[in-house]
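One structure below.
What follows is calculated from the coordinates using simple rules that are stated; it is not laboratory data. From a predicted model like this one, the values you see are computed outputs, not experimental measurements.
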Amino acid sequence: MKKYHVVCIAILASLFTFNANVICQDSSMAGEFVVVECSGTPYDIGLQYGKACKANIVKSINMHMGALKALYNASPEQVIANSKKYFPASKALAPNLIEQLKGTADGAGVSFEDVFALRCMLELLEYYGVINGLCTSFAATGKATEGGKTLIGQNIDWSPDFPIDLLHIKPQTGPESLTIAFGGVLDWSLTSAGLGIAMNLVLCPPQIQRITVPTGVVSWKAMQQKNLGDAIGIFAAHGRGLLNYVLASAEGDIVQIETTPDDYNVLYPEAGILTHSNHYLSERFKKGDNVVVCCPDSYVRAERLKRLMMEHYGKLNPDIMMKVMTDHGNYPSGICRHVDEDKPPVLHFESLVSLIMVPDDRTAFIAYGQPCKTKYVKYQF
């Protein structure tokens, strides 16, 4: 079985402002993102993001390069060289993203190669045998929810103090979005086309060399689509990787797509509910699943989340999901994850963001921190 390591990382707090409504009376408890406004051409959007979030972008680059150097004596030049193999297919699939990354690099005062390497970082970490990010996600629709409105979200679990920003992106063409920019590595988005996405790491057998387009590029491209079918088509054509994707539309459709480096499978809801953590649900992917290497708690989280949601069947709404996502069953490795102090620092994870989206309303409720300690804030566009 492949040996994995886990990277611990650091953050600089966000420094910008946005008009958001705090869903609590005790605002001192609120972990409130400040939203960076980005608009215009792809390059303009990247430039504005790079300038506004320079500290976090630089921190993410230094964090990842430093960790790989410490663990594997991999120099930044070696990491960048490994990322370049993904460039041709990435540019062919998402040329606008490449322009955006060029703008980000110029805005942050760093090299394009460093920024592109961040966008390939999940694949690079897997290549070097490093694990990062253990999340629990959900979607619900139809008879399961209050008024039949679609809900989608997750707790994003990562190493403590990871650099995160929240962007409001208004491109010249394509959908507007509210986007959680995760250190330049991944984007979680809710779009004006009524699409929302949640993602979970899945620990597939080590076939990383078969991936041609990085997860961070494929998921970005999918969220530029005008409807759910087109988004699924992007994953079906290009989504060979390391994640499970949960997708939801304002029209009431929800699916999840499990991927491996050479295959994918689309899964559908049961009674209008989907839940996922970090183990494969598709039978043909279970052989060789490496989830037991670092997070056997995955088998608890997904089923517990489903059970808690079923207890409120027909009444699920953002308020109920806010309570569900604070659950501490199997503490400290629960839906709301806390650091397990009995494990070494390299195995420390916690919930950094809790995200609940209502695609119908183009609204997201986000707790910037562990949801048991941090109040949700409403963001809408």
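Observations
- Each Cα pair under 8 Å and six or more residues apart adds its separation to the average, and for the chain the resulting relative contact order is 21 percent.
- For the range 308-317, 3J(HN,Hα) computed residue by residue from phi via the Karplus equation (6.51, -1.76, 1.60; θ = phi - 60°) reads 5, 5, 5, 5, 10, 4, x, 10, 4, 8 Hz, glycine and proline entered as x.
- Excluding same-chain neighbours fewer than eight residues apart, the lysines reachable from residue 85 by a Cα-Cα span under 28 Å are 2, 3, 51, 54, 59, 69, 102, 221.
- Per-bin percent of Cα-Cα distances, the range 259-332 [5 Å]: 3, 13, 23, 21, 17, 13, 8, 2
- The ellipsoid equivalent to the alpha-carbon distribution of the range 26-184 has semi-axes of 28, 21, 17 angstrom, derived from the gyration tensor eigenvalues as √(5λ) and listed largest first.
- Karplus-derived 3J(HN,Hα), 6.51/-1.76/1.60, for each residue of the range 154-167, Hz, glycine and proline x: 5, 9, 8, 9, 8, 5, x, 6, 5, x, 9, 9, 10, 10
- Taking the three principal axes of the alpha carbon atoms in the range 249-381, the coordinate ranges are 40, 36, 29 Å, sorted in descending order.
- Computed from backbone phi with θ = phi - 60° and the Karplus coefficients 6.51, -1.76 and 1.60, the 3J(HN,Hα) list for the range 113-129 is 4, 5, 5, 5, 4, 4, 5, 9, 5, 4, 5, 5, 4, 5, 4, 8, x Hz; x is used for glycine and proline.
- Too-long pairs where the Cα-Cα distance tops 26 Å, listed order kept, from 149/287; 226/287; 143/323; 306/378; 143/287; 306/375: 149/287; 226/287; 143/287
- Inverting the pair-averaged 1/r between distinct Cα atoms of the chain gives 20.4 Å as its Kirkwood hydrodynamic radius.
- The range 65-82 and the range 303-318 have Cα centres lying 43 Å from one another.
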